[in-house]
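Asker: What follows is a single structure, and I will ask about it in a moment.
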Amino acid sequence: MQAPSRMPERYISKTELPRKAELFANDFEPDYPAFKESDFPDYHLFSNSAGGKNTQPESDNEWDATETKVETEAVEGGVIRPGYNQRGHWSQDPDADNYGKDSAKYKLLIRFDDMWRLASETNKTNVLAFSDNLRDFDTNTICRAYYLNDSDGAGTMGHTGILLVNAAGEGIMFSYGALEKDKFDSPARMYVGIYSESGVKNALTNKEIHSISNSGDLIKERYNRWIPYDITYDNGNKMLDAAVEATVDMKNYDLILNNCDETVTRIFSAGGINMYSRIIPNITYKEELERAINKKMIELITEAWK
């Protein structure tokens, strides 16, 4: 089910207070930044740097590996490789120079480098392309976080992910889950997606988006509901740090103790948003939406009585 459209703004008088039924999930969507229509698919590359040359997909649903051409030197070198850093100096590890070894971006690039070394030749190309997108993604201006919910995931339980969006409208998504059918103390996976502004719009309009798996495969996901939260840049960095930590130091999946919902709510808590996991994502979504609507009602009532 797609989230209801936003109600038009209008003046609310003291005698015409809002009814709860009039407020919907997207009614309290912040106005910033505005999304723009684009013909680019959600996995549009931000740059044409060495790891991602000529990697534009052939269609919205296919990533055509036969059309992908990556420089031999880049493929052989992996994600972390010598080159010129942002100051124009030759370095054995320009990413460490540019971002710092303790940064979330560098830690995730190291994770991609580990993935690249175990990936198939086709998937190596995917990993390089996502790495270049990550380099171009501004992690310092993350100002909005979305609790994503796929109400049809895992049967009636649902599935959840988190989307962090920066001031340019670009996003990075994390989706945690089990690698095996055994859902208790099972090896885990974390899908990571990095999107242009149009890709973020796709994620929020019930369209397919692509992420990358532990092995470098392209994965299709779809979320039909979401709840937005405005955050400060500082809290945005803290949430990204927590998401990357969960990706780099991945704990085993447990349906009760450490599932997708537990992981996502912990990431939100790192940024000062104290969400309460009910273990079942669909229940968490419903109750968090209720809290958000109640908060919006209080804000509207307060504004009306000023």
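The values are calculated or read from the model by the stated rules, or taken from the named source; none is laboratory data. Given the structure is predicted, the values throughout are model-derived calculations rather than measurements. Cβ atoms come from the backbone with ideal geometry, glycine included; neighbour counts cover every protein chain shown. The accessibility values were calculated without ligands, DNA or RNA, using every heavy atom of the protein model including side chains. Shrake-Rupley method; radii C 1.70, N 1.55, O 1.52, S 1.80 Å.
Asker: Within segment 159-173, is even one residue in contact with a His (Cβ under 9 Å, 6 or more places away or on another chain) and open to solvent by less than 10 Å² (accessible area, probe 1.4 Å)? Reasoning before the result, please.
Answerer: Filtering segment 159-173 down to residues in contact with a His (Cβ under 9 Å, 6 or more places away or on another chain) leaves none.
No, the conditions are met nowhere in segment 159-173.
Asker: Here is a follow-up. Would you confirm whether any residue within segment 55-74 is open to solvent by less than 30 Å² (accessible area, probe 1.4 Å), assigned to a helix (DSSP H, G or I) and modelled with pLDDT under 90?
Answerer: Within segment 55-74 (the criterion being open to solvent by less than 30 Å² (accessible area, probe 1.4 Å), assigned to a helix (DSSP H, G or I) and modelled with pLDDT under 90), the answer is yes, since at least one residue qualifies.
Asker: Checking I231 against (1) open to solvent by less than 30 Å² (accessible area, probe 1.4 Å); (2) more than 15 Å from G161 (Cβ to Cβ); (3) in contact with a His (Cβ under 9 Å, 6 or more places away or on another chain), which single condition isn't satisfied?
Answerer: The number of the failed condition is (3).
Asker: For segment 159-201, give me the residue count where each residue is outside any strand (DSSP E or B) and either touching a helix residue (DSSP H, G or I) at 6+ places or on another chain (Cβ under 8 Å) or farther than 20 Å from D261 by Cα (or both). I'd like the intermediate steps shown before the answer.
Answerer: Kept after step one, since they are outside any strand (DSSP E or B), are these residues of segment 159-201: 167-170, 179-183, 187, 196-201.
Okay, now just the ones that are also either touching a helix residue (DSSP H, G or I) at 6+ places or on another chain (Cβ under 8 Å) or farther than 20 Å from D261 by Cα (or both), so 167-170, 196-201.
Residues meeting the conditions: 10.
Asker: Looking at this structure, is S186 at pLDDT below 95, small (G, A, S), open to solvent by 40 Å² or more (accessible area, probe 1.4 Å) and over 22 Å from E287 (Cα atoms)?
Answerer: no
Asker: Being surrounded by 15 or more Cβ atoms within 10 Å (Cβ to Cβ) and free of Cβ contacts under 8 Å to residues at least 24 places away in the same chain is the filter here, so list the residues in segment 284-299 that pass it.
Answerer: Pass one, segment 284-299, residues surrounded by 15 or more Cβ atoms within 10 Å (Cβ to Cβ): 284-286, 288-289, 292-293, 296-297.
Listed by number, the list holds a single entry, K286.
Asker: Would you be able to tell me the number of residues in segment 283-301 that are of a type in the set (K, R) and either modelled with pLDDT of 80 or more or not in a helix (DSSP H, G or I) (or both)? Before you say what the answer is, go through the steps one by one.
Answerer: Here is the first cut: in segment 283-301, the ones of a type in the set (K, R) are 286, 291, 295-296.
Remaining after also requiring either modelled with pLDDT of 80 or more or not in a helix (DSSP H, G or I) (or both): 286, 291.
So the count comes out to 2.
Asker: Could you check how many residues of segment 116-151 are in contact with a strand residue (DSSP E or B) (Cβ under 8 Å, 6 or more places away or on another chain) and within 22 Å of D217 (Cβ to Cβ)?
Answerer: Residues in segment 116-151 being in contact with a strand residue (DSSP E or B) (Cβ under 8 Å, 6 or more places away or on another chain) and within 22 Å of D217 (Cβ to Cβ): 8 in total.
Asker: Sort out which residues of segment 245-257 are surrounded by fewer than 20 Cβ atoms within 10 Å (Cβ to Cβ), over 12 Å from A104 (Cα atoms) and in contact (Cβ under 8 Å) with a residue 60 or more places away in the chain, and write them in order of number.
Answerer: First, pick out the residues of segment 245-257 that are surrounded by fewer than 20 Cβ atoms within 10 Å (Cβ to Cβ): 245, 248-252, 254-257.
Now restrict to residues that are over 12 Å from A104 (Cα atoms): 249-252, 254-257.
M250, K251, N252, D254, L255, I256 - these are the residues of segment 245-257 that are surrounded by fewer than 20 Cβ atoms within 10 Å (Cβ to Cβ), over 12 Å from A104 (Cα atoms) and in contact (Cβ under 8 Å) with a residue 60 or more places away in the chain.
Asker: Report, by residue number, each residue of segment 261-282 that is of a type in the set (F, W, Y) and modelled with pLDDT of 95 or more.
Answerer: F268
Asker: Name the single residue that is least open to solvent (accessible area, probe 1.4 Å) among those in segment 106-158 being farther than 27 Å from D230 by Cα, outside any helix (DSSP H, G or I) and in contact with a Gly (Cβ under 8 Å, 6 or more places away or on another chain).
Answerer: The residue in question is A119.
Asker: Pairs needed: first member in segment 202-221, in a strand (DSSP E or B); second member anywhere, aromatic (F, W, Y); C-beta distance under 7 Å; at least 6 residues apart or different chains.
Answerer: Note: pairs meeting the criteria are I209/Y195; H210/Y43; S211/Y191; I212/F130; I212/Y191; L218/W63; I219/Y191; E221/Y191.
Asker: For S215, indicate whether it is modelled with pLDDT under 95 and open to solvent by 40 Å² or more (accessible area, probe 1.4 Å). Walk me through it before giving the result.
Answerer: Working: modelled with pLDDT under 95: yes; open to solvent by 40 Å² or more (accessible area, probe 1.4 Å): yes.
Yes: the conditions hold for S215.
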